[in-house]
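> Can you read through this structure? Questions will come right after.
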Amino acid sequence: MPEGHSVHRLARQFDDVFGGQVLAVSSPQGRFAPAAKLIDGQQLVSSHAHGKQLFLGFGNDLVLRVHLGLYGAWSFGGDEHFSGASSIGAPRRVGESEQASAGDQGPYDGPPEPVGQVRARLVSAHGWADLRGPTACEVLTEQQAATVRAKLGPDPLVAAAGEFNLAKGRGSHAETAADARAARQDFIARLAKKKTPIGTALMDQAVLAGVGNIYRAEALFRCNIDPFMPCNELSKPRAAALWEDIVSIMEDGVRDGKIITTRAEHRGAAGPLWPDNAYYTYQRQHQQCRLCDAGIALVEVAGRKLYWCPDCQPKARKRATR
């Protein structure tokens, strides 16, 4: 499923191309039709991502919540006033990098006929967005949406979202900084309370919202952390460093539209940057580590593949103090 950076890019795109506009909302497939009527003809007043979930707020105080899951994806199109990606969604559907728009959109006579099972369609005067295959697509009250978000862990991209809002004339620098500090402290506190292996905990959206298999593997490698170390054995300084590294690489993902975690000096001369030279461990099982002579290891944990370097991420024998 798409990791948090993709959903934050989605939130920005909805804000850019539909923000403040009255939208026609329908369900060509029919499955979402009753809920679509609740927000049809309403103004889109907010667009937020929290981890892997998207929350679109409407003028009648209702919220469209979408979780793309493994197979969900949005496709977009419109006239010359519409810009942005043409498709963002699950890697299994459109690839880890979203598909770029064509640039010259040509004449616009409204959205095309639906193709496939379109769960929800949002249409403005200048563009449209089609949703297919999500795990969740529902209309909630603001209180219900707040309850959903309260069950999620801190989002490493909270500061990036705040900076985006600042550029749009919303919020303040003080609020953005305070949100970032609170999220960091929350993450450290949640790790300190858990005895589960950190490689498992980072995939728990109630511990950390937005991190998936790639960011999990890459951040633990970059911070030289044994993925099997119990969370509460990681010192606060190392937990803080892990948080900052996750923030950094996820913010890069928002900027680039794809996950690239390698530093320039660690990339091979052969092959393109992405995907051949994008990762340290992810999907590099049995290949030589970029930093040492060990082979990248792979094991299945809780139904997901975990990649790590046994030498760069040695087994922890005692509580870390640095």
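The values are calculated or read from the model by the stated rules, or taken from the named source; none is laboratory data. The structure presented is a predicted model; accordingly, all values stated were derived computationally and were not measured. A quick note on method: Cβ atoms are made from the backbone with ideal geometry, for glycine too, and the neighbour counts reach across all protein chains shown. Note: accessible area is taken over every heavy atom of the protein model, side chains too, but ligands, DNA and RNA are not part of it. Shrake-Rupley method; radii C 1.70, N 1.55, O 1.52, S 1.80 Å.
> Which members of region 283-300 meet the condition of being surrounded by 14 or more Cβ atoms within 10 Å (Cβ to Cβ) and out of contact with any His (no Cβ under 9 Å at 6 or more places or on another chain)?
Q283, R284, Q285, C289, A294
> Moving on to the next point. Can you spot a residue in region 270-282 that is in contact (Cβ under 8 Å) with a residue 12 or more places away in the chain, surrounded by 13 or more Cβ atoms within 10 Å (Cβ to Cβ) and touching a strand residue (DSSP E or B) at 6+ places or on another chain (Cβ under 8 Å)?
Yes, that holds for at least one residue.
> Let me ask something else. Answer with yes or no whether K258 is at pLDDT below 95, over 24 Å from the mean Cα position of the chain (by Cα) and open to solvent by 20 Å² or more (accessible area, probe 1.4 Å). Can you show your working first?
Details: at pLDDT below 95: yes; over 24 Å from the mean Cα position of the chain (by Cα): no; open to solvent by 20 Å² or more (accessible area, probe 1.4 Å): yes.
Here the answer is no, as K258 does not meet what is asked.
> Please go through (1) free of Cβ contacts under 8 Å to residues at least 60 places away in the same chain; (2) open to solvent by 60 Å² or more (accessible area, probe 1.4 Å); (3) closer than 17 Å to K52 by Cβ for R149 and return the number of the only condition it doesn't satisfy.
(1)
> With the requirement that a residue be under 16 Å from G4 (Cα atoms), of a type in the set (D, E) and not in a loop (DSSP other than H, G, I, E, B), what does region 167-222 give you?
E218
> Within region 74-133, work out how many residues are in a loop (DSSP other than H, G, I, E, B), under 18 Å from the mean Cα position of the chain (by Cα) and modelled with pLDDT of 90 or more.
Adding up the residues that qualify gives 1.
> Can you tell me which residue in region 1-21 is least open to solvent (accessible area, probe 1.4 Å), limited to those that are among the acidic types (D, E) and part of a helix (DSSP H, G or I)?
By that ranking, first place goes to D15.
> Note down all Cβ pairs under 8 Å where the first residue falls in region 35-49 and is closer than 14 Å to A125 by Cα and at pLDDT 95 or above, the second is among the aromatic types (F, W, Y) and not in a strand (DSSP E or B), and they're at least six residues apart or on different chains.
L44/F14; L44/F18
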